[in-house]
Amino acid sequence: IPIPVSVSFIYCFIKLCLVSIPCMLLSTVHDRDLEEDIEADTSGDVRRLLTLLLEGNRDESYEVDEALAEQDAVSLFEAGEDCFGTDESTFSFILATRNYLQLQVTFKAYEAISGTEILDAIDKEISGTLKDCYTALVRCAKNPQLYFARKLNAAMKGAGTDEDTLIRTIVCRSEIDLETIKDMYLEKYDVSLKDAISSECGGDFKRLLLAILH
């Protein structure tokens, strides 16, 4: 996975108070610096988005400002569908700094203003890695548990298994909302997460994941 997509995935569930953890783990385990990797491996709007995420300035409250949501929805519309070209800086700032409840209200206001769902607008207006990052951030903001259920399913589809995504997601969500993710997985795919892992994984790795799931 290219580094921008991987980093956007990580920051979908790293809390503000833990923003230094991915940097610390990358440095300790892989002898690499996340900030240096971003500087070396990305550029332009992708680098600016990841830098915003790395700064950890997302509002982590549960407060919703309806007026701000309307204002942000208008700003997003004017930065995308309502202009020639796209002002990516507006999208990046709003997606990287507003709390998730605020973003949910903003997305509804955006659809009311534009007649277009925010993911469809991003698909039409943005391309490449930046679109992948925005899509991950929007999906996580709209329904984090569904987002992670999809990530887990994708990690087990096709030939081979993405063990890194499986262990990272299950461990990081184990004390947050793993039970809800399990329910969401069953609802969406008509198979329990436990049965899916039992079918797709093996050996000590399977036993480890199943132990965490219990």
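The numbers here are math on the coordinates, done by the rules we state, and not lab data. These numbers were taken from a predicted model, which means no experiment stands behind them. In this analysis, Cβ positions are derived from the backbone assuming ideal geometry, glycine residues included, and neighbour counts consider all displayed protein chains.
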Restricting to Cα pairs under 8 Å and 6 or more apart, the percent relative contact order of the range 144-213 works out to 34
Long-range HN-HN contacts of D59 with modeled amide H, under 5 Å | R98, N99
Pop out the ³J(HN,Hα) list for the range 200-214 in order, Karplus 6.51 cos²θ - 1.76 cosθ + 1.60 with θ = phi - 60°, rounded to Hz; leave Gly and Pro as x.
-> 9, 10, x, x, 5, 5, 4, 4, 5, 5, 5, 5, 5, 4, 7
Under 11 Å from the Cβ of E81, count the other residues' Cβ atoms, weight Lys and Arg +1, Asp and Glu -1, and hand me the total.
-> -3
³J(HN,Hα), Karplus 6.51/-1.76/1.60, whole Hz, each residue of the range 138-150, x for Gly, Pro = 5, 4, 5, 5, 6, 7, x, 5, 5, 4, 6, 4, 5
In the neighbourhood of L119 defined by beta carbon distances under 15 Å, the net charge of the other residues (Lys, Arg +1; Asp, Glu -1) is -1
Applied in sequence order to the range 88-96, the curve 6.51 cos²θ - 1.76 cosθ + 1.60 (Karplus, θ = phi - 60°) yields integer Hz couplings, x standing for Gly and Pro, of 5, 4, 5, 4, 4, 4, 5, 5, 8
Summed over the other residues with a beta carbon less than 14 angstrom from that of Q145, with K and R at +1 and D and E at -1, the charge totals +3
